Amino acid sequence: MKKSISFHIYRGDKYYVAEGVGVPIVTQGKTLDILQKNIAEAVEVFLYRESPRQIGIIKNPAVLFSGELDVAHA
């Protein structure tokens with residue numbers, strides 16, 4: 001059983017985008033704070049619609065993030 005759900009985060013044209021790694025979850029937010037809230041909500045909705053046990057995820061998984069940093073604009 002997986003104990004975490006991972007997200008890859010990157011900056012799109014206007015918003016930050018988070019794509020689930022190995023799970024069909026995608027969300028976006030204007031700021032990273034908004035994105036974090038949207039990820040939590042998207043995970044909650046996903047786990048409500050799917051049976052975590054049937055898809056191999058524990059009931060309350062950790063949420064992990066990785067991202068890209070555009071050093072040219074940092």
- Task: Compute the length gained on full extension between Tyr15 and Val45: take 0.36 nm times their separation in residues and subtract their Cα-Cα distance, giving the result in nm to one decimal.
- Result: 8.7 nm
- Note on the structure: Taking Cα atoms only, helix 32-49 is inclined relative to the longest principal axis of the chain by an angle, in degrees rounded to 10, of 20
- Query: Most exposed first by the Cβ proxy, i.e. fewest other Cβ within 10 Å, how do Asp13, Asp33 rank?
  - Reply: Asp13, Asp33
- Query: Under a plain spin-label model, where a point goes 7 Å from the Cα along Cα-to-Cβ, how far apart in nm are Asn60 and Lys37?
  - Reply: 2.2
- Task: Please work out how many pairs of lysine residues in the chain are eight or more positions apart (or on different chains) and have Cα atoms closer than 25 angstrom.
- Result: 7
- What is the extension gain from Ser4 to Lys30, computed as 0.36 nm multiplied by their sequence separation minus the C-alpha to C-alpha distance, in nm to one decimal? 6.9 nm
- Yeah, the chain with a ≥ b ≥ c from its alpha-carbon gyration tensor (a/c under 1.5 is rounded, else prolate when a/b outruns b/c, oblate otherwise) is prolate
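Rule-based calculations on the coordinates, nothing more; no lab input. None of the values given here were measured: they were computed from a predicted structure. Cβ: placed from backbone, ideal geometry, glycine included. Neighbour counts: every protein chain shown.
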